[in-house]
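Before any comments, here is the structure.
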Amino acid sequence: MPTGSGLSGEPREQFLVLSSVRGEPFSLPAGVVMEAAIVFLPIAALTGFALGALVELTALRLPSGQPLLARPACPVCHAPLPRWGWLIPRRCAFCRNFPRHQLLSQTAIAVLLAAAWWRFLADPLQAFRVSLAILFLALIARIDWAHHLIYLLTVIPALLLGLLLTLLASPAAFLAALVGSLAGALLFALFYGLGWLLYRRPALGSGDVLLAASIGALTDCRISCTHSPSA
Amino acid sequence: MTAAALATVWLLARRRASRYGYLPYGSYLAGGTILALLLWGPA
């Protein structure tokens, strides 16, 4: 992160030029940024850890058809766990299994949310949008990795939120997200057709096409299609 | 999407997956998107 300094001859105060993705660079005194980071980053990490538990719980319950609020149980021996067992990973008292995947998911999401708030500290709306996107994408990735499924229940809210939250930024951002969404969906519809031609069976599911549309809405056409944000 | 495609091609090249097997492409896409969002920000 580039640093600057005050006028020559005056007490030199260090400034941090914070990146603003859509607007002008935004300068804050380095001390203010550090204080904000010291306050916000642990809160973001703790919130990420708790929300990561919710993501892991949803990823376990949604494919199995269990209600989300059912009492937690050990995934190996199905022995009941304490009510708060979904929030803090702990060893099962019966089979001694430790939920490593839960701990890994929660830690990864905590780190990602802290990174998002560090990266977009100057723009809380951007930080909120990236955090929300990370939560939905982590849920989609977790379920797809474990069960090879992308649920419409997870991908459609991500698409709608991705589009609606751009309205808070600007109408131009909404338009870019809409174009990105359509481009992503069309690209994957093309892949779907190609897969059908090559393999004579669906190589992709409708969830993949909707996921591409969501990614287009979250990142806009510029990033999702070309990977060239300066284009 | 580029990162996800490269990860898939790498798996195929290493013979860790076959053309007819399941590839967790949605997970790669989601991971690549998280990386892109952190690097370049949302729309």
| message | Need pairs with beta-carbon distance below 6 Å; first residue basic (K, R) and within segment A:81-108, second open to solvent by less than 100 Å² (accessible area, probe 1.4 Å); sequence gap 6+ or separate chains. | response | A:R91/A:F98
| remark: Selection over segment A:172-192 where residues are among the aliphatic types (A, V, I, L, M), under 17 Å from A:G205 (Cα atoms) and free of Cβ contacts under 8 Å to residues at least 24 places away in the same chain yields a count of 3
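Among residues belonging to segment A:128-150 that are aliphatic (A, V, I, L, M), more than 8 Å from chain B (Cβ to nearest Cβ) and touching a residue at least 60 places away in the same chain (Cβ under 8 Å), point out the one that is least open to solvent (accessible area, probe 1.4 Å).
Checking each candidate, the answer is A:I143.
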| field | Residue among A:A213, A:A173, A:A217 that alone is open to solvent by less than 40 Å² (accessible area, probe 1.4 Å), modelled with pLDDT of 80 or more and more than 15 Å from B:T33 (Cα to Cα) | value | A:A173
| said: Looking at segment A:110-127 only, could you name the residues that are in a helix (DSSP H, G or I) and more than 10 Å from chain B (Cβ to nearest Cβ)? | reply: A:A110, A:V111, A:L113, A:A114, A:W117, A:P124
| field | Matching residues in segment A:180-205 - criterion: being under 24 Å from A:D123 (Cα atoms) and among the aliphatic types (A, V, I, L, M) | value | none
| said: Among (1) away from chain B (no Cβ under 12 Å); (2) outside any helix (DSSP H, G or I), there is one condition A:A203 misses while meeting the rest; what is its number? | reply: (1)
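The values are calculated or read from the model by the stated rules, or taken from the named source; none is laboratory data. Just so you know, these numbers come straight off a predicted model, no measurement behind them. In this analysis, Cβ positions are derived from the backbone assuming ideal geometry, glycine residues included, and neighbour counts consider all displayed protein chains. These area figures cover heavy atoms from the full protein model, side chains too; ligands, DNA and RNA do not enter into them. Shrake-Rupley method; radii C 1.70, N 1.55, O 1.52, S 1.80 Å.
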